[in-house]
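Beneath this line is the structure, given in structure tokens, with notes to follow.
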Amino acid sequence: MQNNSIQTHSFTIKSNGIQRMLAQKIQITGVNNAGNAFSTFGIWDTGATGSVITKEVAAKLGIVSTGMTTVNTASQTGHDTETYLVDIFLKNDLRIQGVEVTIGTIDTENGIDCLIGMDIITIGDFSITNLNGKTCMSFRIPSQHEIDFVDIHNTQQAKLVAKSKQFPNELCKCGSRKKYKDCHGRR
């Protein structure tokens with residue numbers, strides 16, 4: 001029996017063109033301290049293992065370091081940095097609690113003080129499409145099903161093949177380069 005009581009949170013960010021950087025307004029707080037929030041932009045980064053905040057965020061929130069860790073970035077290897085625990089509000093009703101973040105340099109000149117890494121991305125479903133030259137990013141927690149573009153394509157191709165009349169010795173229309181009788185026409 002499926003449990004339908006699990007609450008789903010989702011949102012979509014759409015643009016009028018292709019986006020090379022996906023950022024959204026977020027709020028960062030100390031753990032369970034929503035009364036003292038830092039508003040900024042968070043940039044989604046599938047190349048980052050964990051999430052990152054700037055020193056300014058930690059200072060303005062008055063949070064205390066929980067320890068040290070060694071990180072590797074695109075420009076540095078084996079860099080020691082402090083860790084902190086924060087709550088990140090991706091939207092008003094979507095709080096990711098107790099995220100261990102590291103301190104790093106981000107694009108603060110453009111109001112970006114948080115990098116959203118794979119530690120957050122992997123707790124849900126994340127997709128990016130660029131149909132008609134317009135980027136659409138969508139995120140949902142919890143993960144609900146697998147999206148497999150190859151499987152979708154193959155299913156669509158199989159339906160096209162099934163709809164079209166083929167003779168047994170013709171090449172199958174699915175593109176396999178096999179005769180129809182040895183491919184999708186097999187009984």
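Only one entry of Ile96, Ile18 meets the criterion of being without any contact (Cβ under 8 Å) to a residue 60 or more places away in the chain, not in a helix (DSSP H, G or I) and not polar (S, T, N, Q), and that entry is Ile96.
Of everything listed in (1) surrounded by fewer than 17 Cβ atoms within 10 Å (Cβ to Cβ); (2) in contact with a Lys or Arg (Cβ under 9 Å, 6 or more places away or on another chain); (3) over 30 Å from Gly35 (Cα atoms); (4) of a type outside the set (Val, Ile, Thr), the single unmet condition for Gly185 is (1).
When Ile106, Ile88, Ile120 are screened for being in a helix (DSSP H, G or I), in the same structural domain as Met21 (by TED's automatic domain parsing), touching a residue at least 40 places away in the same chain (Cβ under 8 Å) and out of contact with any Lys or Arg (no Cβ under 6 Å at 6 or more places or on another chain), only Ile120 passes. Taking (1) surrounded by fewer than 18 Cβ atoms within 10 Å (Cβ to Cβ); (2) under 21 Å from Ser138 (Cα atoms) in turn, Gln27 satisfies each apart from (1). For region 130-139, the set of residues classified as surrounded by 17 or more Cβ atoms within 10 Å (Cβ to Cβ) and either aromatic (Phe, Trp, Tyr) or over 30 Å from Lys60 (Cβ atoms) (or both) consists of Thr135, Phe139, listed by residue number.
Anything in region 50-85 that is aliphatic (A, V, I, L, M) and either outside any strand (DSSP E or B) or under 19 Å from the mean Cα position of the chain (by Cα) (or both)? List them, or say none. Those that are aliphatic (A, V, I, L, M) and either outside any strand (DSSP E or B) or under 19 Å from the mean Cα position of the chain (by Cα) (or both): Val52, Ile53, Val57, Ala58, Ala59, Leu61, Ile63, Val64, Ala74.
One line per residue, one yes/no per condition, for (1) over 12 Å from the mean Cα position of the chain (by Cα); (2) at negative phi; (3) of a type in the set (Val, Ile, Thr):
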| residue | (1), (2), (3) |
| --- | --- |
| Glu109 | yes, yes, no |
| Ile120 | no, yes, yes |
| Ile123 | no, yes, yes |
| Phe126 | no, yes, no |
| Arg140 | no, yes, no |
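Under 7 Å between Cβ atoms, at least 6 apart or on separate chains: pull out the pairs that start in region 48-60 with a residue that is among the hydrophobic types (A, V, I, L, M, F, W, C) and end on any residue that is in a helix (DSSP H, G or I). Close Cβ pairs (under 7 Å, with a partner that is in a helix (DSSP H, G or I)) amount to Ala48/Met118. Ser127 meets each of the listed conditions (1) in contact with a Ser or Thr (Cβ under 6 Å, 6 or more places away or on another chain); (2) buried (at least 17 other Cβ atoms within 10 Å of the Cβ); (3) within 28 Å of Asn72 (Cα to Cα) apart from (2).
Per-residue answers, yes or no, for (1) surrounded by 14 or more Cβ atoms within 10 Å (Cβ to Cβ); (2) modelled with pLDDT of 95 or more:
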residue: Lys91; (1), (2): yes, no
residue: Val99; (1), (2): yes, yes
residue: Asn110; (1), (2): no, no
residue: Cys114; (1), (2): yes, yes
residue: Asp119; (1), (2): yes, yes
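For region 30-71, a tally of residues being within 15 Å of Phe139 (Cβ to Cβ) and among the charged types (D, E, K, R) returns 1.
Please indicate, with yes or no, whether at least one residue in region 152-171 is outside the structural domain of Gly17 (by TED's automatic domain parsing) and either part of a strand (DSSP E or B) or within 29 Å of Thr54 (Cα to Cα) (or both). Yes, there is a match, as at least one residue in region 152-171 is outside the structural domain of Gly17 (by TED's automatic domain parsing) and either part of a strand (DSSP E or B) or within 29 Å of Thr54 (Cα to Cα) (or both). Could you please let me know if Thr81 is exposed (fewer than 12 other Cβ atoms within 10 Å of the Cβ), at pLDDT below 95 and either of a type in the set (Ser, Thr, Tyr) or out of contact with any helix residue (DSSP H, G or I) (no Cβ under 8 Å at 6 or more places or on another chain) (or both)? In short, no.
The values are calculated or read from the model by the stated rules, or taken from the named source; none is laboratory data. Here the structure is a predicted model, which means the values were calculated and not measured. Backbone-built Cβ (ideal geometry, glycine too); neighbour counts: all protein chains shown.
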